[in-house]
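The values are calculated or read from the model by the stated rules, or taken from the named source; none is laboratory data. What you see is a predicted model; the values in this text were computed from it and never measured. All Cβ positions, glycine included, derive from the backbone under ideal geometry; neighbour counts span all protein chains shown. Surface areas here come from the heavy atoms of the whole protein model, side chains and all, with no ligands, DNA or RNA. Shrake-Rupley method; radii C 1.70, N 1.55, O 1.52, S 1.80 Å.
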Amino acid sequence: MYQNYIFDLYGTLVDIHTNEQKHYLWDKMALYMRLQGADYTAAELKKAYHAQIAAQRGENILSEETEVSFEKLIPALYQAKGVQISQKQASDWAIAFRTLSLEHLSLYEGAVDLLHRLRERGKKIFLLSNAQRLFTEPEMRALGIYDCFDAVYYSSDIGFMKPSPHFYQRLLQEQKLQPRNSVMVGNDDKADAWGAHDNGLDSIYIYTRQSPKADGPLPDNCRMINDISEVFND
């Protein structure tokens with residue numbers, strides 16, 4: 001029925017659990033930065049990190065849909081201590097931060113098989129993810145799925161998160177996709193199901209342990225499934 005399949009990543013194809021609240025994370029990241037000349041305590045770094053997020057989102061009137069860019073946030077943390085860093089150093093910081101916060105990362109069973117089946121049937125496959133490129137791309141490569149997509153869109157690159165039409169329309173317009181031939185697959189009722197609906201797309205909704213509590217009914221053009229393998233039936 002569809003020619004184009006647009007996937008969410010975390011909670012849909014990838015099972016993930018992170019914990020950014022543990023003191024160990026901030027203690028080690030503060031030490032990491034002190035060794036580079038940026039003198040932070042764990043508590044000071046955590047406060048500065050959240051202040052940078054608030055500042056970036058506060059710059060846009062659509063703050064709830066505005067995405068933060070780690071490519072700006074990380075250098076700003078160093079600059080506050082009088083230290084300039086390279087793009088490579090910012091990338092290393094992001095990966096270190098993510099590694100320390102990760103408690104679980106794996107593909108959902110059947111996810112790779114589904115992507116391969118879609119490709120074998122001549123379907124186009126896209127990723128539309130509320131995510132930071134600096135650590136999401138390495139994770140996708142490590143999981144072996146980065147090359148499964150015709151194009152990948154991260155919210156950190158666009159500056160907006162789903163369900164923002166700015167994010168959806170960037171993909172639809174750049175890839176010249178017809179909404180009637182396309183479907184959004186995700187685990188978030190607001191970002192994926194209703195975001196798709198508001199941009200003229202059908203959707204497929206799967207509830208996983210990363211799914212937020214649904215805020216009301218799903219749209220009429222949304223199909224609910226119990227397993228990722230049910231997205232595409234021969």
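If I compute solvent accessible area with a 1.4 Å probe over the protein chains, what percent of it on the chain is carbon and sulfur?
Exposed carbon and sulfur together represent 49 percent of the surface.
Along region 187-204, what does the Karplus equation 6.51 cos²θ - 1.76 cosθ + 1.60 (θ = phi - 60°) give for ³J(HN,Hα), rounded to whole Hz, x for Gly and Pro?
For region 187-204, the Karplus curve yields 10, 10, 5, 7, 5, 9, 5, 6, x, 5, 3, 6, 10, x, 9, 6, 9, 10 Hz.
Lysines near LYS47 by alpha-carbon distance under 16 Å, same-chain residues fewer than 8 away left out - which ones?
Answer for LYS47, where 16 Å is the Cα cut-off: LYS22, LYS28, LYS81, listed by chain and number.
Under the Kirkwood approximation applied to all pairs of distinct alpha-carbon atoms, what is the hydrodynamic radius of region 83-147 in Å?
Kirkwood radius, region 83-147: 13.9 Å.
Mind running the shape call on region 96-197? Use the C-alpha gyration tensor, a ≥ b ≥ c as the square roots of the eigenvalues: rounded below 1.5 for a/c, prolate if a/b tops b/c, oblate otherwise.
Since a/c reaches 1.5 but b/c is at least a/b, the shape of region 96-197 is classed as oblate.
Can you give the helix-only mean residue ellipticity at 222 nm for the chain, where every DSSP H stretch with n ≥ 4 adds -39500 (n - 2.57) and the sum goes over all residues, rounded to the nearest 500 deg cm²/dmol?
It lands at -11500 deg cm²/dmol.
Taking the solvent-accessible surface of protein heavy atoms with a 1.4 Å probe, what is the per residue accessible area of the chain in Å²?
Per-residue value: 49 Å².
Could you work out the equivalent-ellipsoid semi-axes for the chain, taking the square root of 5 times each eigenvalue of the Cα gyration tensor, largest first, in whole Å?
Each semi-axis is the square root of five times an eigenvalue, giving 34, 19, 16 Å.
Within straight cross-link reach of LYS123, meaning Cα distance under 26 Å, which lysines are found once same-chain residues fewer than 8 apart are removed?
Answer for LYS123, where 26 Å is the Cα cut-off: LYS162, LYS176, LYS190, listed by chain and number.
Below 8 Å between Cα atoms, with a sequence gap of 6+, how large is the relative contact order for region 138-234 in percent? Mind showing how you got there, number by number?
Values: 122 pairs, mean separation 19.1, N = 97.
Relative contact order here is 20 percent.
Can you pull out the GluC sites (Glu not before Pro) in region 107-179 that DSSP calls coil and that have at most 12 other Cβ atoms within 10 Å?
Within region 107-179, the qualifying GluC sites (Glu not before Pro) (loop, at most 12 other Cβ atoms within 10 Å) are GLU109.
Could you tell me what percent of the DSSP beta bridges with both partners in the chain are antiparallel, to the nearest 5?
20 percent
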